[in-house]
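Asker: Following this message is one structure expressed as structure tokens.
Computed from the coordinates by the stated procedures, all read-outs in this text should not be read as laboratory data. What you see is a predicted model, and the numbers here were worked out from it, not measured in a lab. Glycine also receives a Cβ, built like all others from the backbone with ideal geometry; neighbour counts cover every protein chain displayed.
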Amino acid sequence: MVLVDFLRQDRNPGIRDSTNLSTAQERMYFYAWGNGKIRIVLQAEGQPPTKAGRFVAGLQQWLAYANLRSCGRGLEIGLPENVWQCEFLIPDERGTLRTARVRWTHSGTAATRVGAGARSVEYLDGTARRVDDRDTESITERPILIRYR
């Protein structure tokens, strides 16, 4: 839910649909940066990034040039009740804008079809796999990126 909260227009008035999210990321602040006592440490002072920090960097890479199209969850968008999804337009290697969806759960897991036109699923650990319309993906609390043709 944190990603949706971050992207919601009413909490971030500078973000609108089809707005480049890289500008929004520049306005994200961690007031206890470098403090090893906060619940989720991204990078303690003088240390390399933690796993959580590497995953935040992964999300930033996925969304660096993304244009937000929509966000929703569960049955209202045709997914299991615990699944959240944000849809973006992200430039491919030639600069052509392609649909991409980030999916995650707020708790538990759920199996979902990747959907028509899906070509790959990317994970925060840097791995990826090719998929097609018939593939399903286990959605967890760890976001995934689904890229479409």
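Asker: Would you mind checking which residues have amide H under 5 Å from Thr50's amide H? H placed 1.01 Å from N; only 5 or more apart, or other chain.
Answerer: Those lying under 5 Å, H to H, from Thr50 are Gln43, Ala44.
Asker: Quick one: pull the percentage of alpha-carbon pairs in the range 52-149 with a separation above 18 Å.
Answerer: Tail of P(r) above 18 Å: 43 percent of Cα pairs.
Asker: Could I ask something else about it? Given points 7 Å out from each Cα along the Cα-Cβ axis, report the Ala44 to Asp133 separation in nanometres with one decimal.
Answerer: Label at Ala44, label at Asp133, 5.1 nm between them.
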